[in-house]
Structure formats: C-alpha cells, structure tokens
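**Q** One structure, as structure tokens, below. Some questions next.
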Amino acid sequence: MTGKLNTETAFANPDDFYDALIEAHRGLSEEQSAQLNAKLILLLANHIGDLEIIREALTLARGNA
Amino acid sequence: MPRFAHPVFEYRRSADQDSPRPAPHKVVVVGAGLVGLTAALDLAQRGIPVLLLDDDKTVSVGSRSICQAKRTLEIWDRLGCAAPMMEKGITWQVGRIFCRGKEVYNFDLLPEGGHRFPAFINLQQYYVEQFLLERLREQPAVEIRWDNRVSGIAPREDGVRLTIETPDGAYDIEADWVIAADGARSAIRRLMGLRFKGRAFQDRFLIVDLHLPEPPFGRRGPTERWFWFEPTFHPGDSALLHRQADDVWRLDFQLGPDADPDEECKPERVIPRVKAALGDAFKFEFEWLSVYKFQCRRLEKFRHGRVLFAGDSAHQVSPFGARGGNSGVQDADNLAWKLAMVVKGDAPERLLDSYDAERGPAADENILNSSRSTDFMSPKSKVARRFRDAVLALAESHTFARRLINSGRLSTATVLDFSPLNTPDRDPFPPAMRPGSAAADAPIRQAGRDGWLLDALRGGFHGLYFGDDDTRHLPIPVLRCDPQLDRDGLATKRYDGRPGTFYLFRPDQHVAARWRSLDPAAIDAALRRATGKA
Ligand SMILES: Cc1cc2nc3c(=O)[nH]c(=O)nc-3n(C[C@H](O)[C@H](O)[C@H](O)COP(=O)(O)OP(=O)(O)OC[C@H]3O[C@@H](n4cnc5c(N)ncnc54)[C@H](O)[C@@H]3O)c2cc1C
C-alpha cells in the first residue's frame with residue numbers, strides 16, 4: 001500500500017522520541033494513560049490535518065495492532 | 001579446540017614491604033581489569049613508570065565482557081595488542097532481531113569498507129586481559145603486584161598514601177597519582193565515602209556460557225548477534241545469543257524480577273531452557289552460569305584531586321549495548337596521555353579536569369542508552385509494554401518502527417562535544433569529524449607500503465594536512481594527505497579534505513581543531529587549549 005502516510009523514520013533520534021513518550025506516562029494509572037493517549041492522538045491528528053493520511057494510519061493501526 | 005585455562009600469578013613479596021618509610025611511586029593503578037591494564041599499558045608506553053596492584057591472582061573469571069568494539073580495538077592496536085585479539089576473536093557486525101519466532105529487523109553496524117577493524121569482535125574478557133597482560137610484561141616500566149589489595153587510602157593535596165593488604169600483612173606506599181580502576185565495587189570509592197548514584201533495574205537475567213562442539217543454526221552458525229523478543233522457546237521475555245571464541249556461546253535469558261537466583265542457576269533448570277532455545281540435538285557443556293541484576297550508576301566527579309576513577313569504579317551500565325568495558329577503555333585512552341603530560345611537567349594539573357569534563361558526559365550518554373535499552377526490554381508499566389508491543393507489531397512492515405526497537409544501542413566512540421579542550425570550528429565544515437570526534441580510520445599508502453591512517457597518528461599530537469604549504473616549522477609532525485597517501489580517496493572523503501584543510505589530533509586520536517587553511521598561530525593556540533594551558 002503506498003499512500004501519503006510516511007512510515008519511514010522521520011525522527012533524527014527515534015530513541016529520544018520514544019523516551020519522551022514513555023516518560024509522559026510515568027506515574028499514571030491505566031485509566032489516566034488511556035486518557036493521555038486519546039488526547040495525544042487528537043492533538044496529533046489535528047496537527048496533521050489531512051483526513052486521507054489519518055484514514056491510512058487508522059487502517060494500518062487496526063490491521064496490525 | 002583448546003579451552004581457556006586460567007593462569008595463576010603468584011604473590012611475591014616486594015622490597016616496599018620492608019621499607020622503613022612508605023616507598024614513593026609516581027603512578028599507582030589499582031585494579032588489573034580491562035581498564036587498569038589498558039591505562040597502565042598506555043602510561044608505560046608514554047614513558048611513565050607504573051605500579052599496578054590487583055587483589056586477585058588471575059584474569060577475569062566468569063561470564064563478563066565479550067563484545068569488544070571497533071574503537072576499543074583501535075585503542076588496543078595503538079598499544080600494540082590488537083593482533084592476537086583479532087586472531088582469537090569472532091568478528092561480527094550484523095545483528096538480527098526476532099519477535100515471536102519471526103525475524104523483524106536486522107542491522108549492519110559497519111556497512112562501509114575501508115576500516116581496519118570490524119564493528120565488533122566477540123572475545124571473552126579473560127582472553128582480552130591475558131593479551132593485555134602479555135603486552136604489559138614487555139614494559140620494563142611496569143611492576144605488577146598480585147594479591148595486593150588496597151584497604152586504605154589517605155589522599156592529600158600533593159599525593160596519596162595507600163595501605164595494601166597482602167598474605168604477609170599490610171604495608172603502605174606513597175603515590176603521586178592514583179588511578180582507581182578497581183571495578184564496580186570499588187574499595188577506593190567506598191573508602192573515600194563517595195556516592196555512586198543511579199538506578200537499579202529489578203529484572204534478573206540468566207547468563208549461560210556454553211561450550212558447543214557442534215555450532216547451532218547451520219553448519220558454521222551465525223557470527224551475528226541474535227536477539228529475541230518473546231521467543232516461543234522463552235515466552236513473555238527476551239533472549240540474546242552471541243558466539244565467542246573456542247566454540248563458546250552465550251545465551252542470555254531475561255527472567256523477570258521475581259526469579260530466584262540460586263534456583264535459576266541449577267543445571268536442571270537451565271538445561272531445559274537451553275534445549276528449548278537450541279533444540280534437543282545439540283551436545284553442550286556449561287562453561288559458566290550466573291544470574292545478574294543490572295545497574296546504571298556513576299560518580300558525580302571522576303577526578304578527586306590526585307585520585308582518578310576510571311571504568312566500572314566511575315560508572316556502571318547494564319550490558320545491553322556493550323558499553324561497560326568499551327567505555328572504560330575509552331576512559332583509559334582519555335586519561336593516560338593527560339596524566340603522562342602532567343607527570344612529565346608538560347602540562348598543568350588542570351588538564352586532568354578535562355578528563356572529568358569529557359568522560360562524565362560520555363558516561364551519561366552510555367547510561368542513557370543502556371537504560372533505554374533495558375527499559376524497552378523490560379517495560380516498567382502496562383502502557384509501556386503496550387507501546388513496546390505495538391512497535392514490535394508495526395516493525396514487520398514499517399521501517400519507522402524498526403528504528404524504535406531497542407535491544408541495545410551498541411557502543412561507539414563518544415564524540416567529546418563541548419569539551420574545554422576543543423577549538424570550535426571557525427571555518428565551514430560538515431558535522432562529521434567535528435572537534436571532539438575520534439579519528440576515523442582510512443587506508444593509506446606510505447613509503448610504498450599500505451597501512452592505516454590511525455597508525456600514522458600514534459604518540460603525541462599530530463596534524464593531517466590536505467594542502468601544499470610548508471609545514472616543517474610547525475611544532476608537531478604533520479601527515480600530508482595527497483592522492484598518493486590517500487590511495488582510495490577515503491581519508492579525503494571522511495575528513496571532507498578540500499584543499500587547504502588541516503586537522504589537529506590529540507594523542508588519543510580525537511580531533512582537537514580543524515581549519516580550511518594552514519594557520520600556524522591558530523594551531524599554536526589550539527595546542528595550548530588542548531593541553532590545558534589556555
Ligand atoms: C554479564 C556481563 C556482560 C558484559 N558484557 C560486556 C560486553 O560485552 N562488552 C563490554 O564492553 N562490557 C561488558 N560488560 C562490562 C565489563 O565486564 C565491565 O565494564 C569491565 O569489566 C570493567 O572493567 P574495569 O577494569 O573497570 O573493572 P573490572 O574488570 O571489574 O576490574 C577491576 C579489578 O580490580 C581488582 N580490584 C578490586 N578491588 C581491589 C582492591 N581493593 N585492590 C586491588 N585490586 C582490586 C579486581 O580484582 C579486578 O581485577 C559485561 C558485564 C557483565 C556482568
């Protein structure tokens with residue numbers, strides 16, 4: 001499937017990103033973590049602002065997770 | 001295949017033990033592990049007499065370091081002992097990552113040619129120490145005392161008194177300088193009341209060294225690093241496989257936090273694990289079994305007056321990434337030339353502060369990387385585990401996720417960014433080989449013979465010049481990089497050697513400064529800066 005969604009590495013230092021992500025959840029309950037994730041997705045989706053890309057990502061995530 | 005037999009080095013009484021006053025020594029290195037041996041060798045080759053003390057009577061025992069990195073090999077080559085290691089060690093550069101039985105990703109740590117040393121060799125720590133020792137014994141300026149345990153230390157402004165326990169009782173000596181390379185449980189650190197701060201990881205790991213007359217996984221077996229997340233043979237946890245010299249293989253099993261270390265080391269527990277991983281068909285004998293918990297900690301400062309901490313005594317990491325021994329050898333490489341200059345009176349004492357300024361951030365980088373790897377392997381919360389599993393699931397088809405998989409970010413030379421010894425770039429340059437970088441090697445041709453750039457940069461400070469002007473008046477030897485020397489054009493490429501470019505290298509082969517033209521006044525200033533005089 002080739003679309004507009006970039007699945008190549010976009011971060012110069014992927015480990016820094018991953019660390020920040022995990023760190024953001026530190027000390028949260030499962031419920032709070034799920035809330036954080038939901039908010040995070042909404043924020044990032046709005047930033048992307050392209051439904052075509054988001055649909056592609058939704059399809060991939062559903063297929064793979 | 002002959003297996004390793006641990007040598008026994010006899011204790012010998014020294015004249016110092018009968019001396020009415022504590023005998024004076026210039027430099028005393030405490031600990032003959034990887035780091036102490038390297039430091040002693042480097043100092044001796046720089047003409048500094050060294051007394052090396054060790055509380056044991058042999059080389060490293062048990063499952064310890066195996067992955068010796070490219071930069072480490074370059075350092076040991078400078079010290080004249082890499083050849084036997086290369087001969088004995090197993091060369092590798094490819095790592096494969098499996099998840100639930102399927103390969104999801106592989107990486108090549110050295111995809112380009114034109115390097116003398118590979119990304120890694122696997123060689124057991126006892127062999128490495130033995131080869132270092134063989135070289136050390138050729139140095140008349142080094143005295144080694146086995147079964148000499150440092151049990152007391154009294155540091156002063158102008159020297160250090162050490163108390164040493166031996167089978168004949170205790171004696172004292174006086175040292176101008178002490179390198180504390182006495183390992184993770186450093187007695188000197190404890191005796192000086194210094195805090196070793198950091199994180200302890202709860203997960204336990206079973207480390208199994210096996211002798212396998214018949215290699216697994218095909219006739220010759222992979223000389224690759226294999227890492228499994230949640231393999232079918234060890235559900236829920238991770239496992240790691242490395243080949244070592246003498247048909248010895250290492251299997252690492254993550255056991256989780258609740259494992260009982262004594263139970264898990266019993267052969268009746270280990271045999272089924274090994275068989276599940278390798279299959280029933282293989283004959284094997286255990287070389288060594290141990291259960292470890294890992295820590296990431298460091299001393300706040302590596303220099304305490306005349307006592308300098310190096311290696312595990314100064315910083316400890318988890319083994320994922322092979323950063324423990326490899327970073328300790330870089331410590332020794334960094335420290336030896338500085339201490340040699342200070343002892344000879346060629347540089348002020350404060351040059352030694354740069355050892356801490358440079359190797360402290362290096363330790364932080366190693367701790368950060370090895371902590372992240374350990375956290376990825378054993379996620380600390382449900383949500384962390386969920387992200388980890390999502391990364392693994394996405395990695396099969398999407399490259400971005402592969403880069404997030406972290407089974408260990410393997411040791412490379414630390415770039416000494418922000419070092420007070422660096423002269424920042426004034427001319428335009430790409431970031432590669434910026435001041436603080438360890439010199440990249442390249443094939444060269446000199447006097448009709450093929451060789452390597454790093455060989456030509458041994459000893460003291462050196463220049464590398466991609467130009468035509470006369471350099472004879474400069475205070476340092478200069479290697480002129482013309483098309484004849486740079487036989488494959490790789491030095492020019494790796495150093496972006498446009499005409500006129502000049503690099504200044506330190507005695508540890510790190511870049512101190514670089515310019516786009518020959519500027520003797522700038523070179524002088526950079527030399528002063530790199531030796532703590534400015
Ligand atoms: C399972 C495992 C796997 C590892 N794998 C790797 C790897 O693949 N690559 C890597 O780079 N690193 C690896 N490491 C880390 C590596 O083993 C250490 O970082 C390395 O040994 C540190 O060297 P050192 O010289 O600082 O300390 P050590 O090797 O511990 O040497 C300290 C020396 O000091 C002596 N000593 C201690 N106290 C005194 C005293 N009071 N007086 C006199 N002498 C004393 C000891 O006898 C010893 O000889 C691994 C470690 C473990 C546990």
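The values are calculated or read from the model by the stated rules, or taken from the named source; none is laboratory data. On a predicted model such as this, the values are computed, not experimentally measured, just so you know. Methodologically, a virtual Cβ is constructed for each residue, glycine included, from the backbone with ideal geometry; neighbour enumeration extends over all protein chains shown. Please note that ligands, DNA and RNA were not included when accessible areas were found on the heavy atoms of the full protein model with its side chains. Shrake-Rupley method; radii C 1.70, N 1.55, O 1.52, S 1.80 Å.
**Q** How many residues does region B:361-372 hold that are surrounded by fewer than 23 Cβ atoms within 10 Å (Cβ to Cβ) and touching a residue at least 60 places away in the same chain (Cβ under 8 Å)?
**A** 3
**Q** Separate question: Are any of the residues in region B:202-216 modelled with pLDDT of 95 or more and away from the ligand (no atom under 15 Å from the Cβ)?
**A** No, region B:202-216 contains no residue that is modelled with pLDDT of 95 or more and away from the ligand (no atom under 15 Å from the Cβ).
**Q** Checking residue B:306 against (1) free of Cβ contacts under 8 Å to residues at least 40 places away in the same chain; (2) touching a strand residue (DSSP E or B) at 6+ places or on another chain (Cβ under 8 Å), which test does it fail?
**A** (1)
**Q** Give the residue, chosen from B:95, B:152, that is under 22 Å from the mean Cα position of the chain (by Cα) and either within 14 Å of another protein chain (Cβ to nearest Cβ) or within 16 Å of the ligand (Cβ to nearest atom) (or both). Break it down stepwise before answering.
**A** On the way: B:152 fails: under 22 Å from the mean Cα position of the chain (by Cα).
Only one candidate qualifies: B:95.
**Q** In region B:104-134, what count of residues is obtained for those that are in a strand (DSSP E or B) and within 16 Å of the ligand (Cβ to nearest atom)? Before you say what the answer is, go through the steps one by one.
**A** First pass over region B:104-134, keeping only residues in a strand (DSSP E or B): B:104-108, B:120-122.
So of that shortlist, the ones also within 16 Å of the ligand (Cβ to nearest atom) come out as B:120-122.
Residues meeting the conditions: 3.
**Q** Return the total of residues in region B:163-192 being of a type in the set (Asp, Glu) and surrounded by 17 or more Cβ atoms within 10 Å (Cβ to Cβ).
**A** 2
**Q** From the list B:168, B:176, B:182, which residue is assigned by TED's automatic domain parsing to the domain that holds residue B:363 and within 12 Å of the ligand (Cβ to nearest atom)?
**A** B:182
**Q** Please pick out the residue among B:344, B:293, B:283, B:266 that is more than 24 Å from the chain's Cα centre (by Cα) and either within 12 Å of the ligand (Cβ to nearest atom) or over 29 Å from residue B:127 (Cα atoms) (or both).
**A** Details: B:293 fails: more than 24 Å from the chain's Cα centre (by Cα); B:283 fails: either within 12 Å of the ligand (Cβ to nearest atom) or over 29 Å from residue B:127 (Cα atoms) (or both); B:266 fails: either within 12 Å of the ligand (Cβ to nearest atom) or over 29 Å from residue B:127 (Cα atoms) (or both).
Unique residue meeting the criteria: B:344.
**Q** In region B:52-74, which residue that is touching a helix residue (DSSP H, G or I) at 6+ places or on another chain (Cβ under 7 Å) and among the basic types (Lys, Arg) is farthest from the ligand (Cβ to nearest atom)?
**A** B:71
**Q** Exactly one of (1) touching a Pro at 6+ places or on another chain (Cβ under 6 Å); (2) at pLDDT 95 or above is unmet by residue B:332. Its number?
**A** With respect to (1) touching a Pro at 6+ places or on another chain (Cβ under 6 Å); (2) at pLDDT 95 or above, residue B:332 is out only on (1).
**Q** Hey, another quick one. State whether one or more residues within region B:18-25 are open to solvent by less than 70 Å² (accessible area, probe 1.4 Å), more than 14 Å from the ligand (Cβ to nearest atom) and in contact with a Leu (Cβ under 6 Å, 6 or more places away or on another chain). Full working, then the answer.
**A** So the first thing to find is which residues in region B:18-25 are open to solvent by less than 70 Å² (accessible area, probe 1.4 Å), and the list is B:19, B:22-23, B:25.
If we keep only those that are more than 14 Å from the ligand (Cβ to nearest atom) as well, we get B:19, B:22-23, B:25.
Within this subset, residues satisfying the condition of being in contact with a Leu (Cβ under 6 Å, 6 or more places away or on another chain) are B:25.
Yes, some residue in region B:18-25 is open to solvent by less than 70 Å² (accessible area, probe 1.4 Å), more than 14 Å from the ligand (Cβ to nearest atom) and in contact with a Leu (Cβ under 6 Å, 6 or more places away or on another chain).
**Q** Shifting gears a bit: For residue B:331, indicate whether it is away from chain A (no Cβ under 14 Å), within 12 Å of the ligand (Cβ to nearest atom) and farther than 20 Å from residue B:95 by Cβ. I'd like the intermediate steps shown before the answer.
**A** On the way: away from chain A (no Cβ under 14 Å): yes; within 12 Å of the ligand (Cβ to nearest atom): yes; farther than 20 Å from residue B:95 by Cβ: yes.
Taking the combined requirement at face value, the residue satisfies it.
**Q** Look at residue B:160 and say whether it is among the hydrophobic types (A, V, I, L, M, F, W, C) and open to solvent by 20 Å² or more (accessible area, probe 1.4 Å).
**A** So residue B:160 fails the test.
**Q** Do we have any residue at all in region B:30-49 that's under 16 Å from the mean Cα position of the chain (by Cα), modelled with pLDDT of 95 or more and of a type in the set (D, E, K, R)?
**A** Taking region B:30-49 and keeping what is under 16 Å from the mean Cα position of the chain (by Cα), we get B:31-42.
Applying the additional criterion that residues be modelled with pLDDT of 95 or more yields B:31-42.
In the following step, the residues that additionally are of a type in the set (D, E, K, R) were identified as B:42.
So far as region B:30-49 goes, yes, one or more of its residues are under 16 Å from the mean Cα position of the chain (by Cα), modelled with pLDDT of 95 or more and of a type in the set (D, E, K, R).
**Q** Mind checking which helices (runs of 4 or more DSSP H) fall wholly inside chain A and carry at least 3 residues that are within 8 Å of chain B (Cβ to nearest Cβ) and of a type in the set (Phe, Trp, Tyr)? Before you say what the answer is, go through the steps one by one.
**A** Details: elements: A:14-24, A:30-48, A:51-64.
Fully inside chain A and qualifying: nothing.
**Q** Being part of a helix (DSSP H, G or I) and surrounded by fewer than 21 Cβ atoms within 10 Å (Cβ to Cβ) is the filter here; which residues of region B:73-97 pass it? Spell out the reasoning first.
**A** So the first thing to find is which residues in region B:73-97 are part of a helix (DSSP H, G or I), and the list is B:73-78, B:82-88.
Answer for region B:73-97, where residues must be part of a helix (DSSP H, G or I) and surrounded by fewer than 21 Cβ atoms within 10 Å (Cβ to Cβ): B:77, B:83, B:84, B:86, B:87, B:88.
**Q** Considering only region B:245-320, give the strands (runs of 3 or more DSSP E) lying wholly within it that have at least 3 residues that are open to solvent by 50 Å² or more (accessible area, probe 1.4 Å) and closer than 30 Å to residue B:159 by Cβ. Walk me through it before giving the result.
**A** Numbers: elements: B:248-256, B:285-299, B:307-309.
Result: empty, no element qualifies.
**Q** Can you report the number of residues in region B:193-215 which are out of contact with any Ser or Thr (no Cβ under 9 Å at 6 or more places or on another chain) and either surrounded by fewer than 19 Cβ atoms within 10 Å (Cβ to Cβ) or in the same structural domain as residue B:29 (by TED's automatic domain parsing) (or both)?
**A** The qualifying residues number 9.
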